[in-house]
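Trainee: The following block contains the structure, expressed as C-alpha cells.
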Amino acid sequence: MRSRKRKLLLVVLLLAAIGAAAGLWHVRRAMRLKDAVNPLYWVRRWRQEDMFDSRWRLLHHGNRRLREVALTIDDGPHYPTCPQILDALRAEGVRATFFVVGKEVDKKPELVRRMLAEGHEVGNHSQNHLRLDTLNEAQTWREINDGDIYFHWATGRHLRLLRPPGVRYNAQALRVASALGYVTVTWSCAGNDYRDVSADEIVQSVLQRVENGSIILLHDTYPGTPAALPRLLRELKRQGYRFVTISEMLSRLPEPVHVAQNPQTER
Ligand SMILES: [Zn+2]
C-alpha cells in the first residue's frame, strides 16, 4: 500500500516537473518574464484580454489560433534604412505596419507616400517621440494629433493606430488616444535591433520568440534591420507564418475589432 502511494507521488512529481519544464521553455521562448510571474496577466489571458483590452482599446497580441504575425517598424522614416526596408519587403511580397514620427514625416513625406503606395499600413508614433507618460493631457493630445496632421499633409490620409514611444503610457495617454479614435498597439516579439546588433542576432532574436499572433517589433534606424529582413522573412514564411497588417490582425481576433486602414476621410 505504502509503495503504491510512493509510486503515485513519484508520477505526480514527474508530471509536475515536465509541466514546469514546458512552462519555462514557453516563457523563455515567447513571453516576457514580468508577464509570466504576474497572476493578473494569467487572469487577463484567461479572459482573452491579453490580446485586446476593449476597455482601453489596447492591442497586445494577435490571435493565438492563427499562424500569422504582424511586422511593425518604429521610429522612421529615415534614410537610408527606410527605402532598404521597403525594398526587402517588396522583394518578399510582405506588408508591414510602420509607426512613424511626425517630425521625420515632415522632412521625408515621399517615404510615407511610398509606404502607402506599396500596400503597407502606417501608424502614429507621436510627433516628437516624447514619452507620453511624462506629459500632461494637453501635451499628450498635441503629440498624437500633430503626428496625424503631418501625415495628413504628406498623404491626405489619417492615422488610426498609435504606438506610444518606448511603449510608455498611462491611463491618461490611453484615454486621450481612445478619444481621438485610436487603437494603441504594444508588441510581443522584439528583434532587439539596436546599434551594432548584427543581422544574425536580429534574426535569432525574433525566431526564438515568435509564435502565432506575434507582434514583431523592429526599428527603422540601424543598418542591421534591413540586412536581417530577407532571411527573417523567408524563414518565417518557411515556418508557415502569414504576414498581416495591424488592422488585419485586429479584424481576425476571436472578437474582431474593425479599424479602417489609413482612411482618407476626416474624423
Ligand atoms: Zn520609438
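Read-outs throughout are calculated quantities, based only on the coordinates presented, and are distinct from any laboratory measurement. Remember, it's a predicted structure, so these values are computed and weren't measured experimentally. Quick reminder, even Gly has a Cβ in these numbers, built from the backbone with ideal geometry, and neighbours come from all protein chains shown.
Trainee: How large is the helix-only mean residue ellipticity at 222 nm for the chain, computed as the sum of -39500 (n - 2.57) over DSSP H runs with n ≥ 4, divided by its residue count, in deg cm²/dmol to the nearest 500?
Mentor: Calculated from helices alone, the mean residue ellipticity at 222 nm is -15000 deg cm²/dmol.
Trainee: I would also like to ask the following. Relative to the Cα centre, what is the charge dipole magnitude of the chain, using +1 at the beta carbon of each Lys and Arg, -1 at the beta carbon of each Asp and Glu, and rounding to the nearest 20 debye?
Mentor: Details: 40 positive and 29 negative charges, 360 e Å.
Computed about the Cα centre, the dipole is about 1740 debye.
Trainee: Further question: How far is it, in nm, from the label point at Val43 to the one at Gln264 when both lie 7 Å from their Cα along the line to the Cβ?
Mentor: 4.7
Trainee: Here is a further query. Thinking of the stretch 137-249 as a set of Cα atoms, what percent of all their pairs are more than 25 Å apart? Provide the component values of the computation, followed by the final result.
Mentor: Working: 2259 of 6328 pairs.
Every Cα pair in the stretch 137-249 considered, those over 25 Å come to 36 percent.
Trainee: Gain in length, Glu110 to Gln204, computed as 0.36 nm per residue apart minus the alpha-carbon separation, to one decimal in nm?
Mentor: That pair, Glu110 and Gln204, stretches by 30.6 nm at full extension.
Trainee: Let me ask you something else. Using 0.36 nm per residue of separation minus the Cα-Cα distance, give me the extension gain between Glu137 and Arg90 in nm, one decimal.
Mentor: 13.0 nm
Trainee: Using Cα pairs under 8 angstrom and six or more residues apart, how large is the relative contact order of the chain, in percent?
Mentor: Result for the chain is 26 percent.
Trainee: Pop a pseudo-label 7 angstrom from the Cα along the beta-carbon direction at both Val12 and Val257 and give the gap in nm to one decimal.
Mentor: That separation, rounded to one decimal, is 4.2 nm.
Trainee: When only alpha-carbon atoms are used, what values of Rg and Dmax, in angstrom, describe the stretch 1-136?
Mentor: According to the Cα coordinates of the stretch 1-136, Rg and Dmax are 22.7, 80 Å.
Trainee: Using only the alpha carbons of the chain, determine the length spanned along each of the three principal axes and report them from longest to shortest in whole angstroms.
Mentor: Projected onto the principal axes, the Cα atoms of the chain cover 81, 39, 31 Å.
Trainee: If you average the C-alpha positions of the stretch 202-241 and of the stretch 114-192 separately, how far apart do those two centres end up, in angstrom?
Mentor: Between the Cα centre of the stretch 202-241 and that of the stretch 114-192, the gap is 23 Å.
Trainee: How far is helix 224-238 tilted off the main Cα axis of the chain, in degrees rounded to 10, range 0 to 90?
Mentor: With both axes taken from Cα atoms, the answer is about 50 degrees.
Trainee: If you don't mind, there's one more thing I want to ask. Treating the angle as unsigned and between 0 and 90°, give the value, to the nearest 10°, between the Cα long axis of helix 137-155 and the longest Cα principal axis of the chain.
Mentor: 60
Trainee: For the charge dipole of the stretch 48-251, defined by +1 on Lys and Arg C-beta atoms and -1 on Asp and Glu C-beta atoms about the Cα centroid, which residue among Leu58, Thr155, Ser247 has the Cα displaced farthest towards the positive pole?
Mentor: Positive-end residue among those listed: Ser247.
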